[in-house]
Amino acid sequence: MAFSGAGHPRLIICAYFLSLVLTVAHCNDIFLKWYVAVDRTITPVYADQPVITINGKFPGPLINATTDDVVHVNVFNDIDEPLLFTWNGIEQRLNSWEDGVSGTNCAIQPKMNWTYVFQIKDQIGSFSYFPSINFQKAAGGFGPLRVNNRIIISVPFPKPEAEFDLLIGDWYRRSYKEVRSQMDNDDWAYHNFPDWMLINGKGSYMHRNTKRHASFTVTQGNTYRFRISNVGTAWSFNFRIQNHRMVLVETEGSYTNQISLDSLDVHVGQSYSVLVTADQNQSDYYIVASPKMSNATSNSSLVGVAVLRYDNSTDHASGPLPSGPDPFDLQFSLNQAKSIKWNLTTGAARPNPQGSFNVTNVTLSQNFILRGSIAEINGAPYYAVNNVSYLTPDTPLKLADHLANGTGVYQLDQFPVNSSIINPVRGVFVATGIHKGWIEIVFKNDLDFIDSWHFDGFGFFVVGFGDGEWTPELRSTYNTYDPVVRSTVQVYPGGWTAVYAYLDNPGMWNLRSQLLKNWYLGQELYLRVYDADPDPAKELPPPQNLLLCGNFQPPPSPPHIEPPPPPPPPSKSGGALSKQLAWFHIFVIFVVTTLFIYQQ
């Protein structure tokens with residue numbers, strides 16, 4: 001049996017959300033049909049390996065939406081294992097049923113299909129999507145997701161001539177299944193990293209084994225918007241364009257103060273928009289993405305190189321690659337991160353300025369201190385949060401919450417959220433998030449590489465960075481005036497990052513490391529933000545096409561009962577006999593009638 005979203009009425013979604021606003025927003029539908037398959041002929045590098053494609057494309061197709069649109073994505077799973085997609089940075093307002101992670105959704109089984117239906121409510125900006133389970137992101141399946149302003153909302157910069165999506169990320173030379181199978185090995189779990197850096201699914205322009213490279217054509221004098229997303233699994237990278245400066249304007253749904261940059265650090269799971277003006281001589285220029293905390297040289301496969309091509313250019317890109325900051329200079333990266341601030345004077349998805357809502361005087365309801373680290377449990381390598389490595393249950397948490405109040409699947413608040421237990425364990429880590437309360441989350445990184453944390457369902461205010469241990473006194477160093485709002489933030493080795501979030505979005509929400517090995521091996525937890533009010537305007541009910549699994553298996557199909565066979569058609573001889581009897585009856589009636597008339 002195949003499942004689809006036909007029974008999930010879009011009008012209900014619009015009605016629920018529009019009831020929350022005073023002005024009527026346009027609520028358009030976007031219908032997409034995705035066939036997700038494995039292709040062995042693409043070979044982004046020289047290795048013969050499976051690549052996950054969507055409608056034959058790698059990277060996947062652009063989702064080009066506008067604020068308040070309702071997106072329908074009918075996913076047909078043509079790979080050989082269960083599949084889920086998550087929409088990185090889309091807040092899924094009041095609707096964690098469509099979030100597409102193991103805690104909210106039953107997986108789409110092979111040869112089945114399921115339709116996601118979600119509204120992109122009160123958001124703008126640059127985002128991405130990707131497979132969320134089974135280490136599949138290491139094989140592709142990712143793509144760009146744009147959310148454009150409604151016409152009535154002004155954009156804080158002139159309209160660019162065109163926009164380009166740059167999906168940049170690291171890539172293993174081995175099959176994702178082979179890498180996944182090695183995760184019980186310490187070297188692979190803790191030390192081995194991907195081998196390549198791809199730009200839009202293509203290898204480096206400089207490397208001898210690259211069959212195809214990415215290029216972007218511009219016209220001299222025009223300005224272009226580059227939407228850059230780190231869709232990799234492990235490496236942060238520094239992005240730069242030869243002889244061209246960039247103006248940072250947006251990140252993950254927030255317009256930033258516009259700052260001019262020679263290069264930009266982009267961490268795993270993050271997205272940015274920069275404006276680039278084609279103000280150089282007509283030629284070809286290098287576009288470079290080089291890994292942080294790596295000694296990769298200019299001709300290494302780990303340095304991604306594409307080409308910026310002027311449309312009348314006759315010259316190839318030449319000379320040395322543009323130099324970036326020392327990849328081990330984390331102070332440069334930290335200073336740049338602190339310089340990225342919210343534009344308080346511009347509107348975003350709404351007409352009112354972003355700065356009309358700030359965190360200068362908020363009252364905190366909760367404080368989480370979440371320490372990411374490695375953990376050896378029963379001789380096997382894992383990653384952990386506060387020494388708890390997440391154990392994915394067979395039943396999605398949201399499904400168990402709805403049908404059984406979590407019974408038999410998880411125990412709420414079983415593990416501490418501001419300290420680490422002594423001995424590492426595996427467990428289903430679910431914590432309470434106080435509905436409509438302000439939460440302070442301090443991410444602590446005990447690892448020796450740059451970590452990256454993401455919070456589904458929310459944008460958070462990035463208020464502080466620091467080294468060593470965090471203490472409450474360090475709140476005095478926070479920027480609460482104009483901290484940028486985003487959904488993914490980096491945490492430097494041995495350091496901490498502090499964020500504030502307003503938990504006004506009820507649901508079951510994933511809080512995770514964006515580094516794929518860390519996530520796959522347990523560095524995640526869930527926040528249950530609960531509102532007891534059954535009003536569907538407070539949280540949407542489960543979709544009508546809800547999948548069941550785990551403790552709540554779908555009901556068996558009714559037994560197939562063979563219908564009784566139809567009566568056999570009359571034989572030819574039987575038909576002739578019937579006709580003879582009919583004529584005999586007519587003859588008898590005629591004779592009787594004639595005799596009766598004669599006697600009268």
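The values are calculated or read from the model by the stated rules, or taken from the named source; none is laboratory data. Here the structure is a predicted model, which is why all the values come from computation and not from measurement. Positions of Cβ are backbone-derived with ideal geometry, glycine not excepted, and every protein chain shown enters the neighbour counts. Protein only, heavy atoms only, side chains kept; ligands, DNA and RNA dropped before computing areas. Shrake-Rupley method; radii C 1.70, N 1.55, O 1.52, S 1.80 Å.
Quick look at the numbers
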item	result
Which numbered condition Ile421 fails, given (1) of a type in the set (A, V, I, L, M); (2) farther than 17 Å from His267 by Cα; (3) in contact (Cβ under 8 Å) with a residue 40 or more places away in the chain; (4) touching a strand residue (DSSP E or B) at 6+ places or on another chain (Cβ under 9 Å)	(3)
Matching residues in segment 511-527 - criterion: being part of a loop (DSSP other than H, G, I, E, B) and of a type in the set (S, T, N, Q)	Gln514, Gln523
Elements of type strands (runs of 3 or more DSSP E) contained in segment 422-500, each with 2 or more residues being crowded, with 20+ Cβ neighbours inside 10 Å	430-433, 438-445, 451-455, 460-467, 488-491
Boolean, Asp279 is touching a residue at least 40 places away in the same chain (Cβ under 8 Å), acidic (Asp, Glu) and within 22 Å of Val463 (Cα to Cα)	no
Residue list for segment 268-302, restricted to those being buried (at least 23 other Cβ atoms within 10 Å of the Cβ) and of a type in the set (Val, Ile, Thr)	Val268, Val274, Ile287, Val288
Residue selected from segment 120-130 under the condition closer than 24 Å to Tyr35 by Cβ and in contact with a strand residue (DSSP E or B) (Cβ under 6 Å, 6 or more places away or on another chain), by the criterion surrounded by the fewest Cβ atoms within 10 Å (Cβ to Cβ)	Phe127
Members of segment 150-174 that are open to solvent by 30 Å² or more (accessible area, probe 1.4 Å), in a loop (DSSP other than H, G, I, E, B) and not charged (D, E, K, R)	Ile151, Ile152, Ser154, Val155, Pro156, Pro158
Total residues in segment 64-86, condition open to solvent by less than 10 Å² (accessible area, probe 1.4 Å), within 21 Å of Ile133 (Cα to Cα) and not hydroxyl-bearing (Ser, Thr, Tyr)	7
Selection status of Ser323, in contact with an Asp or Glu (Cβ under 7 Å, 6 or more places away or on another chain) and more than 30 Å from Leu525 (Cα to Cα)	no
Enumerated strands (runs of 3 or more DSSP E) restricted to segment 176-289, each holding at least 1 residues that are within 22 Å of the chain's Cα centre (by Cα) and in the same structural domain as Lys137 (by the TED database)	196-199, 223-230, 237-241, 246-251, 254-261, 264-266, 271-277
Test: residue in segment 394-410 that is over 27 Å from Ser96 (Cβ atoms) and surrounded by fewer than 20 Cβ atoms within 10 Å (Cβ to Cβ)	no
